[in-house]
Amino acid sequence: MLQGFTPIPAEFAARYRAKGYWLDRPMGEYFHDIFGTWGDRIAVVAGTERITYKDLSDRIDHVACHLLDMGIAPLDRFVVQLPNRIEFIYLYFALLRVGAIPLLALPPHRTYEIGHFIRFTQAVGYAAAAREGDFSFLDMALEIQKQVPSLRHLFMLGEDLPGACHRIGELMRTAPVTPRSRLASLALNPDEPAVFQLSGGTTGIPKIIPRTHNDYTFNSVGCSAANDMREGDCLLVCLPIGHNFPLASPGLQGMFIRGGCVVLADSPRASSVFPLIQQERVTHLELVPAVLIRLLHDSNLANYDLSSVRIINTGGQRLQPETSALAEKLIPSCKVQEVFGMAEGLVTFNRLSDPPEVRYETVGPPWCEDDEIRILDDEGREVPPGVVGELACRGPYTLRGYFNAPEVNARAFTAEGFYLTGDLMRSHPSGGYVVEGRKKDLINRGGEKISAEEVENMLLGHPDVRNVACIPMPDPVLGERTCAYVIPRPGTHPTLEQLTSYLAGLGLAKFKLPERLEVVSEFPLSPFGKVSKKDLVDAITRLVTKEREAIGKKG
Ligand code: J2J
């Protein structure tokens, strides 16, 4: 076994096998057969290219043989930071085919993160677009290469690259030395890590999540069923392609399993998403709430035929019922299905057959009956049904340990191997769960804890508020007070007084009322596109400090 990897204990593994969850096949081989099943159907639309499953499979194997030519071996680590382009799909599946482990970095990661991933995993390769705006990923990689000798292979997209870089397009045009037959004879262990995902934590450097061949395939098979993906369906991928949601939950892996088509968009902007939906008759969208809200308020929405859309999944952050209702009103062909997922494993889906009240309020149950859920109090005891506590989970596709992180693991798992998510949840009579916020998404006002989520939910009911994020701002007396960052609806100018009297009118406790309002036109986003509260906290802290200094000088 790869050192630093914690496998699922044997007695659990035996159970998951007996149930038929784990197929005991390497992912590369499994998808090779899937591609074979769907042959002449269109697998991917990327720019002007339409690629059949047969051609996709051919090209992946071609790249895989080149990887073997380069000496890339099973369990070698390879950091992939490619944009939403076809080259991602070629390289990702080619790495799986040879049993090397793609570590999936997100587009905004820079030297600090990428250098860490490469050093920490002793990666042999790194793939990216050479340049993005005024940032040179190529220069960054050359710099890292000087410090980390394991990094032998740079795969770059772009023009005028130094000779030492590999171009995926170029590899396509040259014949590899290794024959295809070698691919079938590689001895790969499906219990080993196939993919390294990254934790979505908002503090510190992301931790590395090993996903095995067995668990990651099972994840996509199950999610694609819960998401009602069918042969002939079409998924638009507009979030960063390497993230667990658009990649595997069910994402493009799920759509391939079902024989549908995957359309790549280079950004989640309305100007790129709407035309593609209309042109390709997209049936499935996977979005974060902030993106869905932006699309629904875009003035061009009514100018496009979006009637092919059957399911809009949102995940990553709590979706407000108002947003679901608005989406289903503006795009009447669609149902909104919230997904609660994490790169660590567990995924829950609303059941599409549930009545709207249940779909809007809950994130549904886990899709697999062997996902075990515990809602725990601060002492680690299970709370009664309906009471809020921390979500802990264990199951056939949830990790048992971050890669090479014994200290973190000692805190992040219970003795029974449940992963402590840090998410606050309660069970719902429908059998699903309701997200109540993050354990740490609290404002501590002189010892009184305010759930940011609670205040945000209420403020979203105000007619002037399009989106809101409540965060702690530093206070010399109370430690923290609540600041509300608000994106107003067009043409409105909400004031702090209006909003707080609205909240007070709804009966909200006085200590929970925001004490400062910042009106903005958009929110800073995390690498994956979630609202980055950390950046908002940094901004308000700077602002408050500056104001205080100014007052100090005057006084
Ligand atoms: C509230 N919080 C949510 C939701 C995730 C599908 C969808 C999303 C992710 C993802 C994913 C939420 N409501 N509906 O991997 O497969 C927050 C929780 C969770 C964390 C995980 C998938 N859906 N979250 O967002 O690994 O706090 O995965 O623990 O990036 O996002 O983040 P990440």
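The values are calculated or read from the model by the stated rules, or taken from the named source; none is laboratory data. Being a predicted model, the structure only gives us computed values, none of them experimental. Methodologically, a virtual Cβ is constructed for each residue, glycine included, from the backbone with ideal geometry; neighbour enumeration extends over all protein chains shown.
Yes/no matrix, rows are residues, columns are (1) crowded, with 24+ Cβ neighbours inside 10 Å; (2) more than 14 Å from the ligand (Cβ to nearest atom); (3) closer than 20 Å to His243 by Cβ:
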{"position": "Gly315", "(1), (2), (3)": "yes, no, yes"}
{"position": "Leu319", "(1), (2), (3)": "yes, no, yes"}
{"position": "Thr323", "(1), (2), (3)": "no, no, no"}
{"position": "Glu328", "(1), (2), (3)": "no, yes, no"}
{"position": "Cys334", "(1), (2), (3)": "no, yes, no"}
{"position": "Phe349", "(1), (2), (3)": "yes, no, yes"}
{"position": "Asp371", "(1), (2), (3)": "no, no, no"}
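Scanning the stretch 158-195 for residues that are surrounded by 11 or more Cβ atoms within 10 Å (Cβ to Cβ), basic (Lys, Arg) and at pLDDT below 95 yields a single hit, Arg167.
Filtering the stretch 332-360 to residues that are farther than 20 Å from Gly422 by Cα and either touching a Cys at 6+ places or on another chain (Cβ under 8 Å) or not in a loop (DSSP other than H, G, I, E, B) (or both) leaves Lys335, Val336, Gln337, Pro356, Glu357, Val358, Arg359, Tyr360. Those strands (runs of 3 or more DSSP E) of the stretch 438-512 in which 3 or more residues are at pLDDT 85 or above and not assigned by TED's automatic domain parsing to the domain that holds Gly422 occupy 465-475, 479-488.
Out of Asn404, Asn409, one residue alone is at pLDDT 95 or above, part of a helix (DSSP H, G or I) and under 30 Å from Asp191 (Cβ atoms). It is Asn409. Within the stretch 62-76, the set of residues being farther than 15 Å from Ile101 by Cβ and either of a type in the set (Val, Ile, Thr) or surrounded by fewer than 20 Cβ atoms within 10 Å (Cβ to Cβ) (or both) comprises His62, Val63, Asp69, Met70, Gly71.
Being of a type in the set (Asp, Glu), touching a residue at least 24 places away in the same chain (Cβ under 8 Å) and either more than 14 Å from the ligand (Cβ to nearest atom) or crowded, with 17+ Cβ neighbours inside 10 Å (or both) is a description that does not apply to Glu357. Residue pairs whose Cβ atoms lie under 9 Å apart, separated by 6 or more positions or on different chains, with the first residue in the stretch 390-417 and under 16 Å from Ser199 (Cβ atoms) and free of Cβ contacts under 8 Å to residues at least 12 places away in the same chain and the second of a type in the set (A, V, I, L, M) and within 15 Å of the ligand (Cβ to nearest atom), are Arg411/Leu420; Ala412/Leu420.
Considering the stretch 246-257, and only residues there that are away from the ligand (no atom under 13 Å from the Cβ) and crowded, with 24+ Cβ neighbours inside 10 Å, the residue that is nearest to Met27 (Cα to Cα) turns out to be Phe256.
Quick one: which residue in Gly417, Gly422 is among the small types (Gly, Ala, Ser), at pLDDT below 95 and either within 11 Å of the ligand (Cβ to nearest atom) or in contact with a strand residue (DSSP E or B) (Cβ under 7 Å, 6 or more places away or on another chain) (or both)?
Gly422
Scanning the stretch 467-495 for residues that are crowded, with 17+ Cβ neighbours inside 10 Å and more than 17 Å from Asn444 (Cα to Cα) gives Asn467, Val468, Tyr485, Val486, Ile487, Pro488, Pro494.
Candidates Ile209, Ile241: the one that is in the same structural domain as Ala187 (by TED's automatic domain parsing), among the hydrophobic types (A, V, I, L, M, F, W, C) and either in contact with a strand residue (DSSP E or B) (Cβ under 7 Å, 6 or more places away or on another chain) or within 23 Å of Pro107 (Cβ to Cβ) (or both) is Ile209.
So that you can scan it fast, the table gives a plain yes or no per residue for (1) in contact (Cβ under 8 Å) with a residue 60 or more places away in the chain; (2) closer than 23 Å to Glu87 by Cβ; (3) of a type in the set (Asp, Glu); (4) not in a helix (DSSP H, G or I):
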position	(1), (2), (3), (4)
Phe218	yes, no, no, no
Gly222	yes, no, no, no
Pro240	yes, yes, no, yes
Phe245	yes, yes, no, no
Met255	no, yes, no, no
Val262	yes, yes, no, yes
Asp266	yes, yes, yes, yes
Ser272	no, yes, no, no
Ile277	no, no, no, no
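In the stretch 202-215 there is no residue that is modelled with pLDDT of 95 or more, more than 13 Å from the ligand (Cβ to nearest atom), more than 21 Å from Phe12 (Cβ to Cβ) and not in a strand (DSSP E or B).
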